[in-house]
Each structure stands twice: as structure tokens, then as C-alpha cells.
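Chemist: If you scroll down you'll find the structure; I have some questions about it.
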Amino acid sequence: MSSVDAIDIALPARSIVSAPAKAGVVLVAGGLGFVGSHVVRALIHAGHMPVLFGPAMPEDRLADMAGRYEVFEGSISDHDALDAAFSQFKPTQVISCVAHSVGRQGLMRAGEAESDAAFEVNVRGHGRLVEAACRAGVSRIVWTGSAVVYGPASAYATSHVDEDDICAPTTVYGVTKQMAEVLSDFMIRRHGVEIVSMRLPLILGPGLWYQGAASSISEVFAAARENRPARVTFHDRQIDLMHVVDAAAAMLAILRQPGPVRSAYNIKGFEASIVDIIEAVRARRPGADIVFDQIEPALLLPLADGSRFANETKFTPRYDLGGLVDDLLSPEAEQAHD
């Protein structure tokens with residue numbers, strides 16, 4: 001669309017109509033990271049040519065895909081680098097998996113440790129990327145939002161929240177994601193570009209390299225694969241989880257969705273507790289020596305109602321709890337974590 005006047009007023013609020021997407025060049029900001037590298041794989045398998053934009057990373061998660069994607073090294077804080085990447089490769093669509101991190105800290109911890117940098121990357125950097133994409137005539141931008149835009153579960157009247165429930169984040173990371181959504185809505189009104197926040201739950205899968213809640217859960221699988229004891233400290237409540245392959249597939253689904261699309265979707269994998277995970281691991285590895293120390297959650301998010309995304313895109317996750325456990329106990333997963 002060329003202007004906000006093209007928005008169909010008969011659609012639900014914050015929806016945009018567009019034509020079906022064709023396979024072509026897609027710029028992937030943060031394409032060398034955990035989720036981003038799986039997005040790149042999904043794009044390649046779907047016939048797209050990904051262009052990875054971002055700084056160099058110490059680990060190569062795409063060595064087996066060499067020659068099937070392009071790389072443009074640059075910072076999301078650099079207007080000139082962004083414009084140069086769009087000018088050189090002329091992508092028609094963008095996927096952004098960018099978020100501020102500190103070493104191997106998780107994204108929540110990184111936000112608390114370096115709040116200024118978190119706002120710089122997650123909000124201002126997001127805005128620079130969107131502005132550069134608009135200047136280049138990009139039609140759709142899909143980016144990794146997060147379920148942390150919601151407040152604590154206790155703040156909501158129901159156990160599950162949908163996209164119409166209020167955002168009330170209590171963490172720096174959460175508020176940067178909410179602000180990026182507000183900025184995206186402004187860009188939609190100003191430029192008529194399609195921008196979609198994918199409110200992802202906790203993501204697990206091969207290649208997870210940073211620490212945080214996901215790494216605490218991943219320790220259960222690592223210990224079982226390596227036949228060593230493990231002690232896991234976590235709460236026992238149900239939480240939303242998703243395999244990283246499904247997260248990438250969901251992002252590709254909305255990138256290729258003919259429309260209408262909305263500016264934010266809850267993305268649903270499956271619900272499970274750490275107890276469910278440990279029991280599923282023990283069912284497959286009876287000798288697994290895992291001690292669970294229960295604590296109260298520091299922050300318990302509400303469970304997500306993902307029906308809107310599922311109904312509009314017909315997307316169905318490939319992995320449930322059993323499938324995720326099987327995958328993360330496989331020899332392939334062991335190699336990915338070496």
C-alpha cells in the first residue's frame with residue numbers, strides 16, 4: 001500500500017489489507033542469532049533469498065547453508081548502513097529478530113542491566129529499521145515482539161489474554177517491546193507500511209546460546225543427553241512455550257499471508273510446566289537424574305490466547321511437548337549444543 005487511505009475501514013481495528021506475498025529477497029535483521037538463524041532456514045526452504053543484516057557473530061549457526069544467503073554487516077543504529085543494505089539488495093520484505101543482549105545474558109536480564117542500551121536497540125533501532133524500510137519501499141515488516149508486553153498474570157481477570165487485553169509490562173525489556181509496538185502503529189498510520197509484531201512466548205530449541213528462563217529449562221535436556229545429574233530451580237506453574245522451528249514458521253506464515261494482517265498477534269505453541277517437562281524427559285530417559293527445587297515465580301505472565309493468529313493464518317505448530325522433548329533429546333540436538 002502507498003498510503004494509510006488504503007486501509008479497509010470494514011476490517012477490525014489495526015488491520016491492513018495486502019496482496020499475497022511472492023518468494024523474493026527478504027532482509028533479516030538479526031539473522032545470525034538464535035531465532036533469526038532459524039528464520040533464515042525457513043526462508044531458504046520456502047524459496048526466498050535472505051539477506052542477513054547485523055554485526056558479526058562468534059558462532060556460525062548457518063554453516064550448512066553457506067552460499068544460500070547474503071550477509072551485510074552493519075548496526076541497526078547506523079542509518080547509512082541500513083540504507084546501503086536496502087539499496088544493494090532491494091528486499092521487498094523485512095523480518096527483524098533484533099533485541100539488545102549482553103554477552104550470554106537473557107534478554108530480560110540484559111534489559112535490566114543496560115536499560116539505556118535496551119531502549120536504543122529495541123525502540124530507536126527498531127524505528128531506524130522501519131524508516132529505512134519505508135524509504136526503500138518495503139511492503140511488509142514482521143518482527144519479534146514478545147508476550148512480556150503483558151503484565152503479571154494476577155493483573156488480568158482471566159487466565160488467558162488476547163490481543164485486546166491491555167499491555168502493562170513490569171520489566172525494561174517488556175516496556176521496550178511495548179514502545180516498539182506503539183512506534184510501529186505510528187509508522188503504519190504515517191506511511192501505510194504493514195508492520196506485524198509477533199508476540200512470542202518462551203522459545204526453546206537447538207542453538208539456544210544465552211542464559212535466562214529458557215536456558216534453565218534447557219538444562220533438563222542437556223543433563224539427560226549427557227547422562228549427568230542436574231538440579232533445576234524453577235516454579236511449577238503452566239507457561240507458554242514454543243519450539244524455535246515453529247516460531248520461525250509462524251513468522252514466515254505471516255510474511256506470506258495475503259491479508260488482512262494486524263499489527264500484533266499472540267503466537268501460541270503449547271502450555272507446560274517444568275514438572276511436565278521433567279516427567280516427559282524421564283519417560284524417555286528413565287535413568288535421568290533431575291532434582292527439581294520449586295520456587296515462587298519472580299514474574300508469571302498470563303497464558304496467551306493464540307486463536308486469532310491460528311484462525312487467520314491457519315497456522316498449526318509442528319511441535320507439542322512430546323515433540324519438543326523428542327527433538328531436544330535427539331543426537332542432532334546434542335550436536336547443535338556442542
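The values are calculated or read from the model by the stated rules, or taken from the named source; none is laboratory data. Here the structure is a predicted model, which means the values were calculated and not measured. Note: ideal-geometry Cβ built from the backbone for every residue, glycine included; neighbour counts use all protein chains shown.
Chemist: For segment 212-250, give me each residue that is assigned to a loop (DSSP other than H, G, I, E, B), more than 16 Å from the chain's Cα centre (by Cα) and under 23 Å from VAL35 (Cβ atoms). Please lay out each step first, then the result.
Modeler: First pass over segment 212-250, keeping only residues assigned to a loop (DSSP other than H, G, I, E, B): 212, 226-229, 235-238.
From the residues that got through so far, the ones that are more than 16 Å from the chain's Cα centre (by Cα) too are 226-229, 235-238.
Once the filter is applied, which keeps residues that are assigned to a loop (DSSP other than H, G, I, E, B), more than 16 Å from the chain's Cα centre (by Cα) and under 23 Å from VAL35 (Cβ atoms), segment 212-250 yields only GLN238.
Chemist: Take segment 244-296 and flag every residue that is over 24 Å from ARG189 (Cα atoms) and among the small types (Gly, Ala, Ser).
Modeler: Within segment 244-296, ALA247, ALA248, ALA249, ALA250, GLY269, ALA272, SER273, ALA280, ALA283, GLY287, ALA288 qualify.
Chemist: While we're on this one: Read through the list (1) more than 16 Å from the chain's Cα centre (by Cα); (2) at pLDDT 95 or above, then give the number of the only condition that SER197 fails.
Modeler: (1)
Chemist: Could I ask something else about it? Filter segment 39-72 for residues that are over 17 Å from ALA250 (Cα atoms) and of a type in the set (Gly, Ala, Ser); which is modelled with the lowest pLDDT? Steps first, please.
Modeler: Filtering segment 39-72 down to residues over 17 Å from ALA250 (Cα atoms) leaves 49, 51-72.
In the following step, the residues that additionally are of a type in the set (Gly, Ala, Ser) were identified as 54, 56, 63, 66-67.
Values: GLY54: 96, ALA56: 88, ALA63: 94, ALA66: 95, GLY67: 96.
Applying the filter and picking the extreme gives ALA56.
Chemist: What are the residues in segment 163-185 that are within 22 Å of PRO297 (Cα to Cα) and loosely packed, with under 15 Cβ neighbours inside 10 Å, if any?
Modeler: Answer for segment 163-185, where residues must be within 22 Å of PRO297 (Cα to Cα) and loosely packed, with under 15 Cβ neighbours inside 10 Å: ILE166, ALA168, THR170.
Chemist: Is it the case that some residue within segment 279-290 is in contact with a helix residue (DSSP H, G or I) (Cβ under 8 Å, 6 or more places away or on another chain), of a type outside the set (Phe, Trp, Tyr) and surrounded by fewer than 16 Cβ atoms within 10 Å (Cβ to Cβ)?
Modeler: Step one: list which residues in segment 279-290 are in contact with a helix residue (DSSP H, G or I) (Cβ under 8 Å, 6 or more places away or on another chain), which gives 280-281, 284-285, 288-290.
Filter again for of a type outside the set (Phe, Trp, Tyr), leaving 280-281, 284-285, 288-290.
Of the ones still in play, those that are also surrounded by fewer than 16 Cβ atoms within 10 Å (Cβ to Cβ) are 284, 289.
Yes, the conditions are met somewhere in segment 279-290.
Chemist: Quick check on my filter: what residues within segment 324-338 are small (Gly, Ala, Ser) and either in a loop (DSSP other than H, G, I, E, B) or within 13 Å of LEU241 (Cβ to Cβ) (or both)? Explain how you work it out, then say what you get.
Modeler: So the first thing to find is which residues in segment 324-338 are small (Gly, Ala, Ser), and the list is 330, 333, 336.
SER330 - this is the single residue of segment 324-338 that is small (Gly, Ala, Ser) and either in a loop (DSSP other than H, G, I, E, B) or within 13 Å of LEU241 (Cβ to Cβ) (or both).
Chemist: Here's another thing I want to ask about it. Only one of ILE295, ILE277 is within 15 Å of ALA213 (Cβ to Cβ) and out of contact with any Ser or Thr (no Cβ under 7 Å at 6 or more places or on another chain); which?
Modeler: Numbers: ILE295 fails: out of contact with any Ser or Thr (no Cβ under 7 Å at 6 or more places or on another chain).
ILE277 is the lone residue from the list that is within 15 Å of ALA213 (Cβ to Cβ) and out of contact with any Ser or Thr (no Cβ under 7 Å at 6 or more places or on another chain).
Chemist: Would you mind stating whether ASP80 is out of contact with any Pro (no Cβ under 9 Å at 6 or more places or on another chain), at pLDDT 95 or above and assigned to a helix (DSSP H, G or I)? Working first, answer last.
Modeler: Details: out of contact with any Pro (no Cβ under 9 Å at 6 or more places or on another chain): yes; at pLDDT 95 or above: yes; assigned to a helix (DSSP H, G or I): yes.
The answer is yes for ASP80.
Chemist: Hey, does segment 103-120 have a residue that's among the hydroxyl-bearing types (Ser, Thr, Tyr) and either assigned to a helix (DSSP H, G or I) or under 24 Å from ASP185 (Cβ atoms) (or both)? Don't jump to the end; show me each part of the working.
Modeler: Restricting attention to segment 103-120, the residues satisfying the condition of being among the hydroxyl-bearing types (Ser, Thr, Tyr) are 115.
Okay, now just the ones that are also either assigned to a helix (DSSP H, G or I) or under 24 Å from ASP185 (Cβ atoms) (or both), so 115.
The answer is yes; a qualifying residue exists.
Chemist: Show the residue pairs that are 6+ apart or on different chains and have beta-carbon atoms under 7 Å apart, the first residue being within segment 11-38 and closer than 17 Å to PRO58 by Cβ and at pLDDT 95 or above, the second being assigned to a loop (DSSP other than H, G, I, E, B) and of a type in the set (D, E, K, R).
Modeler: Close Cβ pairs satisfying both conditions: SER37/ARG61.
Chemist: SER154 passes all but one of (1) under 25 Å from VAL245 (Cα atoms); (2) outside any loop (DSSP other than H, G, I, E, B); (3) polar (S, T, N, Q); which number fails?
Modeler: Evaluating SER154 over (1) under 25 Å from VAL245 (Cα atoms); (2) outside any loop (DSSP other than H, G, I, E, B); (3) polar (S, T, N, Q) leaves (1) as the failure.
Chemist: Could you identify the single residue in ILE217, ILE239 that is farther than 20 Å from GLN93 by Cα and touching a Ser or Thr at 6+ places or on another chain (Cβ under 8 Å)?
Modeler: Values: ILE217 fails: touching a Ser or Thr at 6+ places or on another chain (Cβ under 8 Å).
Just one listed residue meets the conditions, ILE239.
Chemist: Oh, and also: Which one is surrounded by the most Cβ atoms within 10 Å (Cβ to Cβ), of the residues in segment 217-240 that are out of contact with any helix residue (DSSP H, G or I) (no Cβ under 7 Å at 6 or more places or on another chain) and among the aliphatic types (A, V, I, L, M)?
Modeler: Result: ILE239.
Chemist: Being in contact with a strand residue (DSSP E or B) (Cβ under 7 Å, 6 or more places away or on another chain), surrounded by fewer than 13 Cβ atoms within 10 Å (Cβ to Cβ) and in contact (Cβ under 8 Å) with a residue 12 or more places away in the chain narrows it down to one of ASP320, ASP293, so name that one. Walk me through how you get there before you give the answer.
Modeler: On the way: ASP320 fails: surrounded by fewer than 13 Cβ atoms within 10 Å (Cβ to Cβ).
Answer to the check: ASP293.
Chemist: Which count do you get for residues in segment 186-203 that are assigned to a loop (DSSP other than H, G, I, E, B) and either buried (at least 23 other Cβ atoms within 10 Å of the Cβ) or of a type outside the set (Gly, Ala, Ser) (or both)?
Modeler: Within segment 186-203, the first condition is being assigned to a loop (DSSP other than H, G, I, E, B), and the residues that meet it are 192-193, 201.
So of that shortlist, the ones also either buried (at least 23 other Cβ atoms within 10 Å of the Cβ) or of a type outside the set (Gly, Ala, Ser) (or both) come out as 193, 201.
Number satisfying all stated conditions: 2.
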